[in-house]
1. Any residue at all in the stretch 48-59 that's open to solvent by less than 100 Å² (accessible area, probe 1.4 Å), in contact with a Gly (Cβ under 9 Å, 6 or more places away or on another chain) and assigned to a loop (DSSP other than H, G, I, E, B)?
2. Take the residues of the stretch 60-72 that are assigned to a strand (DSSP E or B) and of a type in the set (Ser, Thr, Tyr): which is most open to solvent (accessible area, probe 1.4 Å)?
3. Based on what the data block shows, is Val40 open to solvent by less than 30 Å² (accessible area, probe 1.4 Å) and more than 30 Å from Leu84 (Cα to Cα)?
4. Looking only at the stretch 111-125, count how many residues are open to solvent by 60 Å² or more (accessible area, probe 1.4 Å) and modelled with pLDDT under 85.
5. Looking only at residues in the stretch 129-152 that are in contact (Cβ under 8 Å) with a residue 12 or more places away in the chain and part of a helix (DSSP H, G or I), which one is most open to solvent (accessible area, probe 1.4 Å)?
Amino acid sequence: TRLVITDVRGVALYDTAPETQIGKFFILPEIIQALDGNDVFSWNYHDGAMQSRAATPIIAYDTLIGCVYMMEQDVQQGQLIESLQSNVFQITLVLELIVIVFSVIFSRTFSRRLRRIMASMRIIQEGDYSHMVNMGGNDELTVLGEEFNRLTARLHTSEQKRRRFVSDASHELKTPL
């Protein structure tokens, strides 16, 4: 923790640091901005500690006569930030693992159901038009399976009509008029 009081030129009039800088210029960004008439606060996290800096102008009778600069290094806040970073990192890892597991389960389930449709297509392609695919569920693949079953039923009906027609035509051609 440090407190510095400067004059209007930025020369230290008071300094609480053990290696006091009284009589020397302080050219810190916060002091320069305070000597321009602005209140300034800045902070950063560095080496496990929170460093806060503030400067404010000293004004007497509407005239700037100097500034007060304060700096604090807070290790407890730094430890809190490290703890928060560690917790956020651990939570992120757990969530990523959950997402990966969910993705693997979803992709396997999706692939299995898609393979079921593909196997049914091969069965239909071989001529078994009575085959129906049983998808289960309530999603887009279920809708696709239901449409597939409707198409298969229509193919089965068409195949039965074709066979009946061929059989009737063959019978008619065999029997004389």
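The values are calculated or read from the model by the stated rules, or taken from the named source; none is laboratory data. All values derive from a computational prediction rather than experimental measurement. Quick reminder, even Gly has a Cβ in these numbers, built from the backbone with ideal geometry, and neighbours come from all protein chains shown. Side chains are part of the model used for accessible areas, which takes the heavy atoms of the whole protein and leaves out ligands, DNA and RNA. Shrake-Rupley method; radii C 1.70, N 1.55, O 1.52, S 1.80 Å.
1. Yes, some residue in the stretch 48-59 is open to solvent by less than 100 Å² (accessible area, probe 1.4 Å), in contact with a Gly (Cβ under 9 Å, 6 or more places away or on another chain) and assigned to a loop (DSSP other than H, G, I, E, B).
2. Only one residue tops the list, namely Thr63.
3. So Val40 does not fit the description; no.
4. 1
5. Leu144
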